[in-house]
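Working notes, structure below.
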Amino acid sequence: MKLLRYGEPGHERPGLLHEDGTLRDLGVVIDDIAGEHLTRAGLERLRRLDPAALPKVAGEVRYGAAVGRVGKFICVGLNYADHAAESGMTVPDMPVLFMKATTAIMGPDDTVVIPRGSRKTDWEVELGVVIGDLARDVAEDEAMAHVAGYVVINDLSEREFQLEHCGQWVKGKSCDTFGPIGPWLVTRDEIPDPQALSIWLEVNGHRHQDGNTRTMVHTVAHLVSHISRYMTLMPGDVISTGTPPGVGLGMDPPQYLKPGDVIELGIEGLGRQRQRVVAHERDRPAP
Ligand code: ZN
């Protein structure tokens, strides 16, 4: 299934993309694409519905983040060896973890705002994993049973905040608009092998990232198992699994986002995102 959220920010309704291409409203069945509705039992209930019997949504809609009420937004750093190299870092033995504030989450095609005073706002296309059933210290061979599905994520990053403002990466990862998720949550059954997906990102039509999830250092199954050793993963938690090479930081000289840029990104089978980039309101020239 392709599950989604549509409508105005803060007022999204749950929906489903039917195989015939029509958008169907799920608001008559569940309150949100979130929490218990993402467990195996919750998804099974949705699977038994007849999409053709659900109300059809007509016309243009705004897509919200594909998952609601995200409790934890966990990110993995340096999970593609060639991206670690371009960042001037070595691949660590164990996954590098950091958190992204959930207030950074927005719809897949919403506008990216360059933070106030930022000079180094960068892009990172990533495969996102959405947790279904609660996972607490699960073994790697059991981990996938705890995955509800997958999403496209742009892990937008401010490199100066991340690397030069002391402390943890969280400062450079958590700004408002730095977490587009969607357009859809594609359930696990539709993606038999998450380690064989092409993944790409373009800025103003120029392709900067063009990779495949097969070159991940730590697989989805390993990441879910590993992270669940340190914290309990809850339904609707999101794990962003790291970015392939081609970020602005790795270019010579580095190239960062500027007002007016358009970012487009996608992953095979999971849809695509498109974001326009604008200056922070306090950094715009006076009219
Ligand atoms: Zn990242």
Checklist outcome for this item: Relative contact order as a percentage, the chain, C-alpha pairs under 8 Å and 6+ apart, gives 25
Checklist entry - Largest first, what is the accessible-area ranking of VAL151, VAL91 with a 1.4 Å probe? => result VAL91, VAL151
Checklist entry - For segment 2-57, what % of the accessible area comes from carbon and sulfur atoms, probe 1.4 Å? => result 49
Checklist outcome for this item: The rounded separation in angstrom of the Cα centers of segment 8-54 and segment 203-271 is 26
Checklist outcome for this item: Expressed to two decimals, segment 2-57 has a Cα Rg over Rh, using the Kirkwood radius, of 0.94
Item to check | Rough spin-label spacing in nm, given labels placed 7 Å along Cα→Cβ, for ARG214 and VAL96 | outcome: 2.6
Checklist entry - Can you give the FRET efficiency for VAL28 and LYS258, using 1/(1 + (r/R0)^6), R0 = 41 Å, r = Cβ-Cβ distance, to the nearest 0.05? => result 0.40
Item to check | Accessible surface, per residue, of the chain when the full set of protein chains is kept, probe 1.4 Å, Å² | outcome: 43
Next on the checklist: Please compute the length gained on full extension between HIS222 and GLU281, using 0.36 nm multiplied by the number of residues separating them and subtracting their Cα-Cα distance.
Outcome noted: 17.1 nm
Checklist entry - In the calculated pair distance distribution of segment 73-280, what percentage of Cα-Cα distances lie above 30 Å? => result 14
Item to check | Accessible area of SER225 in the full protein assembly, 1.4 Å probe (Å², nearest 10) | outcome: 20
Item to check | Quarter of Cα convex hull surface for segment 112-161, i.e. mean projection, nm² | outcome: 5.1
Next on the checklist: Using a 1.4 angstrom probe on the protein heavy atoms only, could you order CYS175, CYS75 from most to least accessible area?
Outcome noted: CYS175, CYS75
Checklist entry - Kirkwood hydrodynamic radius for segment 238-287: how many Å is it when counted over pairs of different Cα atoms? => result 13.7
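About its Cα centre, how strong a charge dipole does the chain have in debye, to the nearest 20, once Lys and Arg get +1 and Asp and Glu get -1 at the Cβ?
Numbers: 30 positive and 41 negative charges, 125 e Å.
It comes to approximately 600 debye.
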Item to check | the chain: most fluctuating residue of MET99, MET216, MET251 per GNM, C-alpha cutoff 10 Å | outcome: MET251
Checklist entry - Ignoring ligands, DNA and RNA, what percent of the 1.4 Å accessible area of segment 73-280 is carbon and sulfur? => result 51
Item to check | Accessible-area value, LEU257, 1.4 Å probe, nucleic acids and ligands omitted, Å² | outcome: 10
Item to check | Lysine-lysine proximity count for the chain, Cα under 28 Å, sequence distance 8 or more or distinct chains | outcome: 17
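Place a +1 charge on the Cβ of each Lys and Arg in segment 208-282 and a -1 charge on the Cβ of each Asp and Glu, then give the dipole magnitude about the Cα centre in debye, rounded to the nearest 20.
Details: 7 positive and 7 negative charges, 25 e Å.
Once rounded to the nearest 20, the dipole reads 120 debye.
How long are the three semi-axes of the equivalent ellipsoid for segment 29-133, computed from the Cα gyration tensor as the root of 5 times each eigenvalue, in whole Å, largest first?
Values for segment 29-133, descending: 33, 20, 12 Å.
The values are calculated or read from the model by the stated rules, or taken from the named source; none is laboratory data. Just so you know, these numbers come straight off a predicted model, no measurement behind them. Counting neighbours? That spans all protein chains shown, and the Cβs are built from the backbone with ideal geometry, glycine included. For the accessible areas, the whole protein counts, side chains as well, though only heavy atoms, and no ligand, DNA or RNA atoms are used. Shrake-Rupley method; radii C 1.70, N 1.55, O 1.52, S 1.80 Å.
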